[in-house]
Amino acid sequence: MHPLTANEDFRLLFWARVREFAVPPSMIGSATARRKVGDWAGACAAARVDVDLNLRAVGRAHGTELAAKIRADLRHLAPDLLRWHFPRIAPDGLLRPGLTVSLARYRSTADSGGAIHLVARTPPAWADAGQRISLALWMPSRRGAGAGLHPHPRPDRRFRLDLHRHLWDVRRAGELRERAGRWPSHGSLASDRIPAGVSACAVDRWMAEAALLLSAEGRGGDVVTVRLTARHRLTLNLSAPYEVVVGGTREVPVLPHAATWVLPDLELLHSGLLSADRLHPLVASALRPDRPVGAARGPDDPGSPRLVECRGATHRIAVVNGVLVPLDHEPGEIRREELLGALGGTELPCLRAIDAVHRHPECLADVRARLDHGDTAGALATVEGLLGPDVLLRGGALRDELETAARRRVAHGLYRTGLAGFGPPPSTRDTRGRVLRSRPRHAALR
């Protein structure tokens, strides 16, 4: 097994957390089923990808041939796979905000303004509720077309996937194994040039990927910049394969981020932090072609009734008829104890345990992670499995998280409709003392 340094350990734990919550198995299954029957728009909807393009308008403006090429790519787009591989940021592993990523480039015979890009965009950080991605077209002659209020509508030259179709196109998904990269060995190209603390560089792929980049750009020269950190850059010279210069310039092409680093899934498998059945099925089939892989498996369901030490005995609490209740106390005793608690007295340990689960459940971190990654349905399912679908949430951290998620979704809706600008996010505090159900009727949480 590959030995881990402290930095690698943190990085792999980060990616393990992302793989657990960012793309839930239910999303993968739903998006895959719709894609396989030719419903690419339905697949995008299942993967929380908004479609901001009109193929009929594209055909009228740029010709039916271009529209047919884009439609073919959309039919083979796996939006859940795109979300799986999309650039993310620490510490929570959320999608990199305010980013425009080129997925494919096309030439239009009806427009001499340059290549047309199929792009995937993420909203700015203040409007990132739901962790949604949008698909649009971008062309140099119409820089703001389809961008709305997006802060960076132009395709990013470092975060680009048009040279890495295997990260979103099912026709090329099998290339992942070859292009995933591996760790640099001692004495290999650039291994002595990589600064301390920087790990998981896909050094063995750099030259081949640099050649693909230069060919796609149609530029002369053999020099490519590799960005390792904000302060560390290397310059590769393809005409002298073992010449690596520390530093870099902005005038030369930048090796894409996807080509710079080893695939996190490969590292997770290698370190034992993730098993193949937890991977996206297309990723698992590419990395482990010798093993049959079915649908991605999610975390195990919560177990049976929880045990509580109550007045010298071990009692049970569980969901009955949609509500979390104590199982080993008579209804009359429960009513008396609830009245005692309302008057300021000390309730039964079973009732105190139920109140603690309402206000600060052990799974709060998981619920928060699901909400942060946009999996509202998964978060509510976790809450319902814990407290029951018909319970009234009491004041506390759990209800605060659900209310905050609702307000953030409103902010994202305002951004999508163009009713909000680039200002700071709305306040996350709410002093209204309203009761919120675990299956809320508030439209923003559906």
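Scanning the range 395-402 for residues that are part of a loop (DSSP other than H, G, I, E, B), modelled with pLDDT under 90 and out of contact with any helix residue (DSSP H, G or I) (no Cβ under 9 Å at 6 or more places or on another chain) turns up nothing. Summed over the range 345-358, the residues that are of a type in the set (D, E, K, R) and touching a residue at least 40 places away in the same chain (Cβ under 8 Å) give a count of 0. All conditions but one from (1) surrounded by 20 or more Cβ atoms within 10 Å (Cβ to Cβ); (2) modelled with pLDDT under 85 apply to Val224; the one that does not is (2). Taking Ala22 as the residue in question, decide whether it is out of contact with any His (no Cβ under 8 Å at 6 or more places or on another chain) and buried (at least 17 other Cβ atoms within 10 Å of the Cβ). It is false that Ala22 is out of contact with any His (no Cβ under 8 Å at 6 or more places or on another chain) and buried (at least 17 other Cβ atoms within 10 Å of the Cβ). Can you tell me how many residues in the range 60-88 are open to solvent by 20 Å² or more (accessible area, probe 1.4 Å) and without any contact (Cβ under 8 Å) to a residue 24 or more places away in the chain? Count: 5. The residue that is modelled with the lowest pLDDT, among those in the range 335-352 that are open to solvent by 30 Å² or more (accessible area, probe 1.4 Å) and part of a helix (DSSP H, G or I), is Glu338. Checked against the criterion of being open to solvent by 30 Å² or more (accessible area, probe 1.4 Å), without any contact (Cβ under 8 Å) to a residue 40 or more places away in the chain and acidic (Asp, Glu), the range 374-387 has no qualifying residue. Per this entry, Arg368 is counted among residues that are open to solvent by 50 Å² or more (accessible area, probe 1.4 Å), closer than 20 Å to Arg17 by Cβ and in a helix (DSSP H, G or I). Pairing each residue of the range 188-200 that is not assigned by the TED database to the domain that holds Val226 with any residue that is at pLDDT 70 or above and open to solvent by 30 Å² or more (accessible area, probe 1.4 Å), provided the two are 6+ apart or on different chains, yields no C-beta distance under 7 Å. Residue count for the range 34-45 under the criterion of being within 18 Å of Val283 (Cβ to Cβ), surrounded by 14 or more Cβ atoms within 10 Å (Cβ to Cβ) and free of Cβ contacts under 8 Å to residues at least 40 places away in the same chain: the result is 1.
The values are calculated or read from the model by the stated rules, or taken from the named source; none is laboratory data. Remember, predicted model here, so these are calculated numbers, not experimental data. Cβ atoms come from the backbone with ideal geometry, glycine included; neighbour counts cover every protein chain shown. All accessible areas refer to the heavy atoms of the entire protein, side chains included, with ligands and DNA or RNA removed. Shrake-Rupley method; radii C 1.70, N 1.55, O 1.52, S 1.80 Å.
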